[in-house]
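This report concerns only the one structure given below.
Derivation of every value follows stated rules applied to the coordinates shown; laboratory data play no part. Note that the coordinates shown come from a computational prediction; the quantities given were computed from them, not determined experimentally. No Cβ is skipped: glycine too gets one built from the backbone with ideal geometry, and neighbour counts run over all protein chains shown.
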Amino acid sequence: MKKHVKGEVVRIQLRLNGEERSARCEPRTLLSDFLRDGLGATGTHVGCEHGVCGACTVQIDGVASRACLTLAVQVDGRAVDTVEGLADEQDRLSDLQEAFRRNHALQCGFCTAGILMSCDDYLRRKPDPSEAEVRDMLSGHLCRCTGYTNIVKAVLETAAARRGGPGKLPEQ
Ligand code: FES
Ligand code: FES
């Protein structure tokens, strides 16, 4: 990576949710702050700011990543997707978002954007996960409200529906 000097400001160009965007920031700026303050993409939440809670999760070149552990300069020239990009152009929620809504898989919603971005990436790679595997994937996210049960249901239901099934609900 290029060396930067103190006080320097750099221009970052990226493809955000399919749209070419650019803004200036200091080289030390975190991607989470760049998205929120530099590009106005405030759907990405910031909780712990040290990689523990998962609230800031976005996708970089399609891979779920912690925006609070990534520098904005690291995404220069790359594709970043955030929760704002999950709905379609008519603002219709994605099937995963709909499943979260239907299953009451959120309460305050602080953790939700990050969880959705992780689940979206996960279901592309793992179309038929077990309940245990979904719970394992979710262990990278802290939710203080829901108890996770309905989040797990929403993810399994989405996976099953994509496979053409009626939904595979977790054991009670
Ligand atoms: S804010 Fe990034 S992991 Fe908590
Ligand atoms: S819904 Fe409140 S932290 Fe998860």
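Okay, here's what the table says:
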| item | result |
| --- | --- |
| Mean separation of Cα contacts under 8 Å (6+ apart) over length of the chain, as relative contact order % | 20 percent |
| Assigned charges on the beta-carbon of Lys, Arg, Asp, Glu; the range 95-162 dipole about Cα centre (debye) | 140 debye |
| Computed FRET value (nearest 0.05) for E98 with T149, which takes r as the C-beta separation and R₀ as 22 Å | 0.75 |
| Most to least packed among 123-129, 140-146, 51-57, 40-46 [average Cβ atoms within 10 Å] | 51-57, 40-46, 140-146, 123-129 |
| For the chain, calculated [θ]222 nm from helices alone, where every DSSP H run of n ≥ 4 adds -39500 (n - 2.57) | -7500 deg cm²/dmol |
| Computed FRET value (nearest 0.05) for R162 with K6, which takes r as the C-beta separation and R₀ as 30 Å | 0.05 |
| Most fluctuating residue given options L93, L31, L106, as computed from a GNM of the chain linking Cα atoms under 10 Å | L93 |
| Ascending count of other beta-carbon atoms within 10 Å, so fewest first, for I60, I12 | I60, I12 |
| FRET efficiency estimate (nearest 0.05) - Cβ-Cβ, Q74 to V52, R0 22 angstrom | 0.65 |
| Cα-derived Rg to Rh of the chain, Kirkwood definition | 1.01 |
| The range 10-85 - percent relative contact order, Cα under 8 Å, separation 6 or more | 39 percent |
| About the Cα centre, charge dipole magnitude for the chain (Lys/Arg +1, Asp/Glu -1 at Cβ), debye | 360 debye |
